Amino acid sequence: MEVHHHPHVEKKRFKEYFLEFLMIFLAVTLGFFAENIREHFTEKNNARQYLESYRNELLQQQKLFVAYKTLYQKKVVVCDSIKNIFFSKEENDRLPTLARLMLFGVQNIEVPLSTSSYDQIVSSGGLRYIENIGLRDSMAAYHGQIETFKNYNTRILGSIVNNTFEIAKLQDFHDLISSDTSESYNISSRIPTIEPFPSLSSEQRRSLVFFYEAYIAQAQSDLRRLRLLSTSNSNLQKIVNAILKN
């Protein structure tokens, strides 16, 4: 009869178990810290990319502010001249001048402000990468200013367009848009032909005066809003540039 001998198993001492545990703990801890460091650098890199894109958007917007401030200033002067011609009952005496002014006077001006970079930061959750709370708040406030500016112009221009149909019953617009397709339409070099005005009643004259006064009101309001936006934009650029330099 055979006797089976069990192999001798050497028992580990507590110290050896503790060392194994310590090595595993250290490996897990180091891995955790390494992952946190990697995520930190990734988030910092993402924040930098987002801010660089946002800064480019701010620069483009600032260029638009400069260009459209000039247009709105011209709009105020032109529409004020048209309004005074009607108010002074000189529309037929100064018909060529009125025709020249009308070409720019009845154009609707709307600033094509894009906020795609900021919208992308928000939709992708990129704001969490921007640690500067003051910057995040300023970005949100500035975006709100732009939305208010857009909404105002949508409402006021919609009202002006609706009134244009009534004004067209009093004012000849038949040659306002050039029908010549062989060359680009250049509003600075062309004077349209318009028919003389019929005898206007006091109510009709007031409607024409108010129509151009509404354009002036919009332009003056937008000038004020553009100045505020320009200031906010400049302040944001300073903050973003300071962060990107670090």
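Listed by first and then second residue, the pairs linking a residue in the stretch 149-169 that is aromatic (Phe, Trp, Tyr) to a residue that is part of a helix (DSSP H, G or I), with Cβ atoms under 8 Å apart and 6 or more places separating them unless they lie on different chains, are 149/222; 149/225; 149/226; 149/229; 152/221; 152/222; 152/225. Residues satisfying the criterion are present in the stretch 107-122 (criterion: among the β-branched types (Val, Ile, Thr), part of a loop (DSSP other than H, G, I, E, B) and either without any contact (Cβ under 8 Å) to a residue 40 or more places away in the chain or touching a Phe, Trp or Tyr at 6+ places or on another chain (Cβ under 8 Å) (or both)). Out of everything in the stretch 190-226 that is exposed (fewer than 12 other Cβ atoms within 10 Å of the Cβ) and touching a residue at least 60 places away in the same chain (Cβ under 8 Å), what residue ends up being farthest from residue 113 (Cα to Cα)? It comes out as 196.
So that you can scan it fast, the table gives a plain yes or no per residue for (1) at pLDDT below 95; (2) surrounded by 10 or more Cβ atoms within 10 Å (Cβ to Cβ); (3) assigned to a helix (DSSP H, G or I):
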position	(1), (2), (3)
39	yes, yes, yes
44	yes, yes, yes
51	yes, yes, yes
57	no, yes, yes
69	no, yes, yes
81	no, yes, yes
91	no, yes, no
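Quick check on my filter: what residues within the stretch 116-135 are surrounded by 13 or more Cβ atoms within 10 Å (Cβ to Cβ) and closer than 17 Å to residue 231 by Cα? Of everything in the stretch 116-135, just one residue is surrounded by 13 or more Cβ atoms within 10 Å (Cβ to Cβ) and closer than 17 Å to residue 231 by Cα, namely 135. Among the residues of the stretch 202-233, the one identified as of a type in the set (Ser, Thr, Tyr), more than 28 Å from residue 89 (Cα to Cα) and out of contact with any helix residue (DSSP H, G or I) (no Cβ under 7 Å at 6 or more places or on another chain) is 231.
When the stretch 112-160 is filtered for residues that are modelled with pLDDT of 95 or more and touching a Lys or Arg at 6+ places or on another chain (Cβ under 6 Å), only 149 remains. Among residues of the stretch 144-179 being of a type in the set (A, V, I, L, M) and outside any loop (DSSP other than H, G, I, E, B), the one that is surrounded by the fewest Cβ atoms within 10 Å (Cβ to Cβ) is 161.
The values are calculated or read from the model by the stated rules, or taken from the named source; none is laboratory data. Everything numeric in this text was worked out from a predicted model, so none of it was measured. Backbone-built Cβ (ideal geometry, glycine too); neighbour counts: all protein chains shown.
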